[in-house]
Amino acid sequence: MTPDSFNFLAGLVKARSGIVLTADKGYMLETRLGPMLRRESMQGLDALAQRLRAPRAEALAAEVVEALTTNESSFFRDGKPFEHLKKLLPKLAAARPPGQPIRVWSAACSSGQEAYSIAMTAAELGPALGGRKLDILGTDISREMLDRAQEGVFTQFEVQRGLPVTMLVKHFKQEGQRWRVAPELRAQVRWQFFNLMEDPRTLGRFDIIFCRNVLIYFDAPTKSRVLGSLAGMLAPDGVVYLGGAETVLGLTERLVPAPGERGVYEPARATAKAG
Ligand SMILES: C[S@@+](CC[C@H](N)C(=O)[O-])C[C@H]1O[C@@H](n2cnc3c(N)ncnc32)[C@H](O)[C@@H]1O
């Protein structure tokens, strides 16, 4: 692949998704885009770049972006955020007017494990939520992942990663080698295509936002912009959860670390008031 083709492909992916492909990612492009090249009978990435420069390449461009997303996820990933959520949900339930659901956004939800883990956390709390409903929205830029999330069927390998056996038995039904999420859990989650490069205000206001393990793929200005938008959509007593390798420090002043917690961030104003 010529440097020109690499720069073109990297520019296209960055403009459409925020994902930064550094020069050492040439091999990743080859492996991830290989199946598409073979299907389209294209000789290589230079030919792909050429096709994408031509008019009417929209569908192909979307497919390239989709192929370059990394969709790694697991149930109760990193543990700690869900421990925090367990303490937070009863507080928010008590603070909201009767009948108002707690709105939770799993931004960059991948195959859905994060959103289902949120639903299971709420289900396990039972009466501590006083009958309060959760309205969970899972969004992603990958339509393939959204389809998988919506289907709610996971392999033995996937349910063995992070999901306690008691919850597996309680919230899933075995179908051969795979496990299907119980209808009660599925009913709590809605799925929607959403690109974090777009203005998220159309999605409304949230009490809790999980935006984990996606900012790592963006550059600093993009991270700042996304974090600023998330802060603007958050209830004053809400929180944002980020991944273990992500932070707000040096990127936005609208969110601050929750005292004594890792990966949990609050709107800056709420902290100033509390102090
Ligand atoms: C590594 S997964 C993280 C999944 C989950 N949040 C977790 O922590 O387990 C990253 C996800 O971000 C999605 N993604 C990448 N760029 C995005 C964008 N611009 N808008 C929305 N989702 C994006 C990918 O499709 C992928 O499913």
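Report Rg/Rh for the chain, rounded to two decimals, where Rg is the Cα radius of gyration and Rh the Kirkwood radius.
1.00
Among the aspartates and glutamates, which have Cα under 18 Å from the Cα of Lys173 when same-chain residues fewer than 8 positions away are ignored?
Glu124, Glu151, Glu158, Glu184
How do the peptides 57-68, 160-171 rank, highest first, by the average count of neighbouring beta carbon atoms within 10 Å per residue?
Going by the mean number of other Cβ atoms within 10 Å, highest first, we get 57-68, 160-171.
Given H placed on each backbone N at 1.01 Å, which residues far from Thr252 in sequence or on other chains put an amide H within less than 5 Å of it?
For Thr252, no residues qualify.
Report the Rg/Rh value for the range 190-275, based on alpha-carbon coordinates and the Kirkwood definition of Rh.
My calculation puts Rg/Rh at 0.94.
Each label point is 7 Å from the Cα along the Cα-to-Cβ direction; what then is the distance between the points at Val165 and Arg143, in nm?
4.1 nm
For Glu175 and Ala54 in the same chain, what is the full-extension length gain: residue separation times 0.36 nm, less their Cα-Cα distance, in nm?
Full extension from Glu175 to Ala54 adds 39.0 nm.
Between the range 20-68 and the range 87-101, how many Å separate their Cα centres?
When both Cα centres are located, 46 Å separates them.
In straight Cα distance, which lysines are under 29 Å from Lys25, not counting same-chain residues fewer than 8 positions off?
By straight Cα distance, Lys25 reaches Lys14, Lys223.
Given H placed on each backbone N at 1.01 Å, which residues far from Leu137 in sequence or on other chains put an amide H within less than 5 Å of it?
The list, which skips near neighbours in sequence, is Val104, Trp105, Ser106, Arg190.
Which percent, to the nearest 5, of DSSP beta bridges fully inside the chain are antiparallel?
About 40 percent, rounded to the nearest 5.
If each of Ala220 and Asp78 carries a label point 7 Å out from its Cα toward its Cβ, how far apart are those two points in nm?
Spacing of the two 7 Å Cα→Cβ label points: 2.1 nm.
No value in this document is a laboratory result; all are computed from the given coordinates. Computed from a predicted model, the values in this text were never measured in an experiment. Note that each Cβ is placed from the backbone with ideal geometry, even for glycine, and that neighbours are counted across all protein chains shown.
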